[in-house]
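Everything on this sheet refers to the single structure shown next.
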Amino acid sequence: MWANDSTGLPSAKLTMPAPRPWDYCFRDLRADPIVRWPGELELTIGSDCEDWIIYDMEDDGVCVEPWTAPPNSLNMPNPRIVTPDAPLVASMTWTWR
């Protein structure tokens with residue numbers, strides 16, 4: 001995951017995941033995230049994005065979002081700049097059962 005700086009934004013440093021609860025940006029997940037509501041629904045989120053925001057700081061909900069770069073990435077070394085010759089294309093799929 002990206003370590004947060006003193007303002008709570010991702011820094012340019014990758015680190016091992018912190019214990020939950022999370023309000024972090026993760027890089028290169030090992031598998032697609034699965035959000036489960038036991039006995040009700042299982043949602044698998046797939047994406048070709050490298051970064052994922054996972055927020056579970058509140059009991060009433062959870063946020064799992066693929067991102068094309070971490071928040072604050074324009075202030076990190078080597079930001080990705082989108083141009084007509086280098087467009088940004090991303091996909092996401094939801095599968096539920």
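If you check Val35, Val89, which single one turns out to be more than 18 Å from Ala3 (Cβ to Cβ) and either in contact with a strand residue (DSSP E or B) (Cβ under 8 Å, 6 or more places away or on another chain) or modelled with pLDDT under 95 (or both)? Matching residue, one of Val35, Val89: Val35. Within segment 69-91, not a single residue is assigned to a strand (DSSP E or B) and basic (Lys, Arg). Among the residues of segment 33-54 satisfying the criterion of being under 26 Å from Pro79 (Cβ atoms) and more than 9 Å from the chain's Cα centre (by Cα), which is most open to solvent (accessible area, probe 1.4 Å)? Selected residue: Asp48.
The residue that is farthest from Leu14 (Cα to Cα), among those in segment 79-97 that are open to solvent by less than 90 Å² (accessible area, probe 1.4 Å) and touching a Gly at 6+ places or on another chain (Cβ under 9 Å), is Thr95. Being surrounded by fewer than 11 Cβ atoms within 10 Å (Cβ to Cβ) and without any contact (Cβ under 8 Å) to a residue 24 or more places away in the chain is the filter here, so list the residues in segment 59-78 that pass it. Once the filter is applied, which keeps residues that are surrounded by fewer than 11 Cβ atoms within 10 Å (Cβ to Cβ) and without any contact (Cβ under 8 Å) to a residue 24 or more places away in the chain, segment 59-78 yields Asp59, Asp60, Gly61, Leu74, Asn78. Scanning segment 75-97 for residues that are within 16 Å of the chain's Cα centre (by Cα) and closer than 17 Å to Arg27 by Cβ turns up Ala90, Met92.
The values are calculated or read from the model by the stated rules, or taken from the named source; none is laboratory data. Since the model is a prediction, treat every value here as computed from it, not as a measurement. Neighbour counts run over all protein chains shown; Cβ positions are idealised from the backbone, glycine included. SASA here: full protein model, heavy atoms, side chains in, ligands and nucleic acids out. Shrake-Rupley method; radii C 1.70, N 1.55, O 1.52, S 1.80 Å.
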